[in-house]
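What follows draws every value from the coordinates through simple rules; no lab data is involved. Model, not experiment: these values are computed from the prediction.
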Amino acid sequence: MSERKTDKVFLKVNGEDIPLNGFVKEVVANVVNGLVDSLDKIPIDKTRIELIIEMEGNK
């Protein structure tokens with residue numbers, strides 16, 4: 001059985017794992033992948049995308 005690209009989508013907030021359902025995994029994977037694909041000099045055969053967002057000044 002082949003693995004879907006959304007099988008390995010993870011979210012951590014302040015180091016805590018946040019469970020995601022299949023729909024959210026698919027949306028996050030598609031949005032981030034689409035944004036990355038629009039950039040220059042991205043390898044076609046990408047197998048891993050890491051996105052880190054550090055928030056400052058949030059309550």
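Descriptive notes on the structure:
- Per-residue ellipticity at 222 nm from helix content only, as computed over the chain with -39500 (n - 2.57) for each DSSP H run of at least four residues, stands at -9000 deg cm²/dmol.
- Value of D in µm² per second that Stokes-Einstein yields for the chain, Kirkwood Rh from Cα pairs, at 37 °C (0.692 mPa s): 245
- Normalised contact order of the chain, rounded percent, pairs of Cα under 8 Å and 6 or more residues apart: 23
- Tally of Lys pairs whose C-alpha atoms are under 17 Å apart, taken over segment 1-51, 8 or more apart or cross-chain: 5
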